[in-house]
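Here's the structure, in structure tokens; my notes come after.
The values are calculated or read from the model by the stated rules, or taken from the named source; none is laboratory data. Note that the structure is predicted; figures quoted are calculated from it, not measured. Ideal geometry is used to build each Cβ from the backbone, glycine not excepted, and the neighbour counts take in all protein chains shown. Note: accessible area is taken over every heavy atom of the protein model, side chains too, but ligands, DNA and RNA are not part of it. Shrake-Rupley method; radii C 1.70, N 1.55, O 1.52, S 1.80 Å.
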Amino acid sequence: MKFLITAGPTREPIDPVRYLTNRSSGRMGYALAGAARHDGHEVLLISGPTTLDVPPGVDFIPVETAQQMYDAVRDMLRGVDVAILCAAVADYRPVACAEQKIKKHTDKLVLELERTPDILGSMRSVFGFSGKLIGFAAETQNVVEYGRDKLVRKQCDMVVANDVSQPGIGFDSRENAVVLIYPDREEYLEKDSKERIAMQIIEHATILPS
Ligand code: PMT
């Protein structure tokens, strides 16, 4: 099967030396790419900036902004059987990027932000993707309820939800604990290394009903 996986954070520029980002290390997405490749699948990893090595045998497109990730995913969907969108894409970006470094002339600075393009939400409705679609949900409360809402609204086959308020899992940690949300049920994967969690997610992904 052919997998497309997104990973890491995005960086949304404020001026030539500053940007908005988040705490995603990319580990979960890179572990998914490595696990899928290990199982013999063809894998394309599209990732925001991280310090990680691309797993051997995985095709790779580095991106920086949400817009670049959106464009790369849209352009690379041909022939993809399973798309797993694990990236922590910035939801907002500065309306404009200053051409020069912003000087500190005032005590307060107001940044005007606008929504970034919704990659997961565009997969079915804009890109016409008809393969298996797996979204992630990073929640701090009502994890299953909010994850299920994303499953329905974004027309996913499965959502991998994690409680990112829990210490030791989620963003920038080596372990995770997730709940796989299907249209008709949930399955909990207990706290474990991201590599072992990834192997289980890939197993579930390959047997999703059509
Ligand atoms: O990278 P690590 O340090 O290993 O951490 C892993 C993780 C916590 C980042 C990962 O497990 C995770 O939860 N990834 C999703 C993070 C996220 O942004 O979740 P969300 O609930 O805000 O977004 C929901 C879904 O929409 C995600 O599939 C996301 O990729 C996608 N999205 C979000 C915004 C946007 N503009 N476009 C999108 O496609």
Among (1) within 12 Å of the ligand (Cβ to nearest atom); (2) open to solvent by less than 50 Å² (accessible area, probe 1.4 Å); (3) in contact with a strand residue (DSSP E or B) (Cβ under 9 Å, 6 or more places away or on another chain), His204 falls short only on (1)
Inside region 86-136, the number of residues satisfying the requirement of being under 30 Å from Leu4 (Cβ atoms) and among the basic types (Lys, Arg) is 4
Every listed condition ((1) loosely packed, with under 15 Cβ neighbours inside 10 Å; (2) farther than 17 Å from Ile84 by Cα; (3) within 11 Å of the ligand (Cβ to nearest atom)) holds for Tyr146 save (1)
Selection from region 81-106 of residues more than 13 Å from the ligand (Cβ to nearest atom) and crowded, with 21+ Cβ neighbours inside 10 Å yields Val82
Among helices (runs of 4 or more DSSP H) entirely inside region 25-131, those with 3 or more residues being among the acidic types (Asp, Glu) and touching a residue at least 12 places away in the same chain (Cβ under 8 Å) are none
All conditions in (1) more than 10 Å from the ligand (Cβ to nearest atom); (2) within 30 Å of Arg18 (Cβ to Cβ); (3) among the acidic types (Asp, Glu); (4) in contact (Cβ under 8 Å) with a residue 40 or more places away in the chain are true of Asp157 except (2)
Within region 5-24, the residues that are away from the ligand (no atom under 12 Å from the Cβ) and either surrounded by 24 or more Cβ atoms within 10 Å (Cβ to Cβ) or touching a residue at least 24 places away in the same chain (Cβ under 8 Å) (or both) are Arg11, Pro13, Ile14, Asp15, Pro16, Val17, Arg18, Leu20
